[in-house]
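See below for the structure under consideration.
The values are calculated or read from the model by the stated rules, or taken from the named source; none is laboratory data. These figures come from a predicted structure and were not determined experimentally. Here the Cβ positions follow ideal geometry from the backbone for every residue, glycine too, while neighbour counts run over all protein chains shown.
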C-alpha cells in the first residue's frame, strides 16, 4: 500500500505484470474511488462548463461524455478530466484525486447561474477494463451493453441489484466501463464483479498496472506529465 493523492492505495495484488496482462487479455478490476466528482447544475450549467474546459461540451447530448483539460487563463492545465452530461442542465466532472479540492474551488468560482457541488464523498468508482469486461458486466445487469458506445453512459442502471452510473470509459487503452455507485455500496459491487469475473479470468488490479497500462496507451498522468506550467499544446492535448 502507498499514499496516492491523499489516499492509501494498493500498488499490486498478485503482481503488476500479471495484472497488466490480465487487462490486456481478459479483464481487470480497479478501485478508483479516490477520483473526485463535482456536479454542476442549473440553467447556466452548460455556459459554465464551456467556460471551464477547452473541449466543446455543447456537442454532448444527455448520456454522453468527453475528455478535456481545464485550464488557467494563461493556458496552464489545472487538471485533465472527464465531463458527463447527465441532463440538459446537469453535468458531472470526474477529476484527479490530487486535484479535487483545487478543481472544486476553481469550478465553483467560475460557475455562473448554476451551482457546483462536490460529490466526492458520496460516490465510489470502480473501473472494469479489458476485452472481457462486457462479458463480465453482462452477468450482473439486464441492460443491453452493446448499445453503450465509447464515452456514452447510462445513469440509474441496475448492476448486481445496485443503482449505478455506468460509462464506457477508462484509462487503460482497452474496452471497459467505469461504474459509479453510492459510497457505501462499493464493497458489495466490488465483490459481485470479482465473482462474476471468475469464469473470465478477471484480476483485481492496482496502481502499478494502471500506470503501465496508461503509459502503453499514451495517456497523461497529472503531476507527472502535465501540470499548471504546461499548456494543452505542449502536452500535447491540442486536439
Report summary line: Exactly one of 214, 198 is out of contact with any helix residue (DSSP H, G or I) (no Cβ under 6 Å at 6 or more places or on another chain), surrounded by fewer than 19 Cβ atoms within 10 Å (Cβ to Cβ), free of Cβ contacts under 8 Å to residues at least 24 places away in the same chain and part of a helix (DSSP H, G or I), and that residue is 198
Query raised in the report: Do we have any residue at all in the range 19-37 that's touching a strand residue (DSSP E or B) at 6+ places or on another chain (Cβ under 8 Å), crowded, with 18+ Cβ neighbours inside 10 Å and over 19 Å from residue 209 (Cα atoms)?
Result: yes
Query - Scan of the range 85-99 for residues that are within 10 Å of the chain's Cα centre (by Cα) and farther than 12 Å from residue 67 by Cα, ordered by number - result: 96
Query raised in the report: Would it be correct to say that residue 83 is over 26 Å from residue 209 (Cα atoms), touching a helix residue (DSSP H, G or I) at 6+ places or on another chain (Cβ under 8 Å) and part of a strand (DSSP E or B)?
Result: no
Query raised in the report: Between residues in the range 127-148 that are modelled with pLDDT under 95 and residues that are in a loop (DSSP other than H, G, I, E, B), which pairs lie under 8 Å by C-beta distance while being six or more apart or on different chains?
Result: none
Query - Matching entry among 203, 180 (being in a strand (DSSP E or B), within 15 Å of the chain's Cα centre (by Cα) and outside the structural domain of residue 82 (by TED's automatic domain parsing)) - result: 180
Query raised in the report: Given the conditions (1) free of Cβ contacts under 8 Å to residues at least 60 places away in the same chain; (2) more than 16 Å from residue 36 (Cα to Cα); (3) within 15 Å of the chain's Cα centre (by Cα); (4) not in a strand (DSSP E or B), which single one is not true for residue 174?
Result: (1)
